[in-house]
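Notes for the one structure printed next.
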Amino acid sequence: GQPQPFPLHSITHRRSFTTRSNSVDSNLERDEVSPTEEENGGARLVSLGQLNPFINRWAVVAKVVDKSAVRVWQNVNGSGKLFSVSLLDRFGCDMRATFFKDAVDAHYERIHVGQWYYISGGTVKVSKKEFRTTTSEYEITLGAHSVVEERTGDEIDILDDIPWHYKFTLIHNLPSRDDLPVVDILGILLRVSDSAYITTRTGNEGFRRTFVIADQSGDSVLVHLWGDTARHFRGEAGDVVACKNLRVRRHDGGGVYLSTLSSSAFDVNTTVDGREDVKRWCDGEIAKLAGVVGHVSPVEQLGVLEGTVPSISRGDGEKWVARPYERHTDRLATLQDVVDNHVALAIRTQPRGNSWLVKAFLTRIGGRYGDVHPRPMVYLACEHCGTRLYDPSDSGSVPPLVSDPTYAYECKRCHESGEHPRLKFGLTLRLEDSSGETV
């Protein structure tokens, strides 16, 4: 059935607040709400999807899904402080609201993520693209005289599971849409990395995970997940995912990639309209590659598909088509040839790299920890960030035995503890040939 207006049983001073039923079609284009104006300032109750700068004396009831820390600012016009929240109403529409100056002291400690609030007395304006965290083009500004009151289940029909309202953008259109700083994407996952604890170029540390997603437009894009979102993401290659509120970021050379915000959300194996179109496109593309992928697993099929789908995330302004199965085995190559043709770069950026035929001397199998301990082929790694674990009983130099089914540990990198580490494999070979190169 269609969503119904907010069934409020009580508003401020326990006065009745009613609205006329409004219709919502599949695109969530709502009829104008004509609510009863109450003595509490004569506010008109509207949804976030209806809210715009031309509505005076409005009120909304929404759930806080994200809350920022307090930030202090100072410029030529003065100084102050602020914090922001992401709001979600029962229709699945979201919007950013920012509290300034006295409103920070009045409401910061009272607002909690996951709670519903009645909000009025604010100003609606067009949001600045660089600060936008939702797909809405508007944002709410709240000051000292704004009204923010918590609502409970006795006062409003609270919904625990609200379907998001999406505004999907095709991946093919992202490079040309400078007007979209935040987007929603619907696509199929071609590759998903493990979460890793990294240090960024600015010196910040945290969890990161990446995945490649493609849609029926025929293009793919790289998505970066950060923090708890990266740790708890459970999507796998082949899943159709609806992505909400992803920041569009651009390379200097024109490439585009996406990054999560604190307001981002993912619906894995979603049931939204359009998922069948994505799935049908993927099955059709794999069918075209039947001669190549006929005898490999579904995950490997998606790896091959990634190699044939243009990526918009390359930083040279051109779409990049990876060739994971390209072979150069018609002649012997030297290690210098391999380096000169940037295969090392290809291996880092493609699912499987390229194949080359070389003739070289094997001078070492496996690496070493200094000159004492050999580096084993199999080792245990942190289940949270993937960092290799070391045995604290031997000055941190020897990894624990892989035969131990459980191993209580505390990771020195991400400082998380656990008892079920990952089993990982790695083998290092050292080669030399007549070109003088060593790899």
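Here are some notes:
- Label point distance in nm, LYS128-ARG430, each placed 7 Å from Cα along Cα→Cβ: 5.5
- Partner lysines for LYS244 [C-alpha distance under 18 Å; skip if fewer than 8 residues away on the same chain]: LYS63, LYS67, LYS129, LYS167
- Sparse packing (at most 15 other Cβ atoms within 10 Å of the Cβ) combined with a DSSP loop state is found for none of the chymotrypsin sites (Phe, Trp or Tyr not before Pro) in segment 81-140.
- Shown here are the Rg and Dmax of the Cα trace of segment 166-238, at 13.6, 38 Å.
- DSSP-loop trypsin sites (Lys or Arg not before Pro) across segment 74-112, with at most 15 other Cβ within 10 angstrom: LYS101
- The packing ranking, built from the mean of other Cβ atoms within 10 Å per residue, places the peptides 213-224, 229-240, 273-284 in the order 213-224, 229-240, 273-284, highest first.
- Rounded accessible area of ILE365 (nearest 10 Å², 1.4 Å probe): 120
- Scaling the Cα radius of gyration of segment 49-202 by the globular reference 2.2 N^0.38 Å produces a ratio of 1.18.
- Taking the three principal axes of the alpha carbon atoms in segment 206-253, the coordinate ranges are 30, 30, 17 Å, sorted in descending order.
- For segment 175-228, trypsin sites (Lys or Arg not before Pro) are listed when DSSP marks them as loop and at most 16 other Cβ atoms sit within 10 Å of their Cβ; the list is ARG177, ARG201.
The values are calculated or read from the model by the stated rules, or taken from the named source; none is laboratory data. Just so it is clear, the model here is predicted, and its values are computed rather than measured. Don't worry about glycine lacking a Cβ; one is built from the backbone with ideal geometry, like all the others, and counts go over all protein chains shown. Accessible surface is based on the protein model in full, side chains and every heavy atom, while ligands, DNA and RNA are left aside. Shrake-Rupley method; radii C 1.70, N 1.55, O 1.52, S 1.80 Å.
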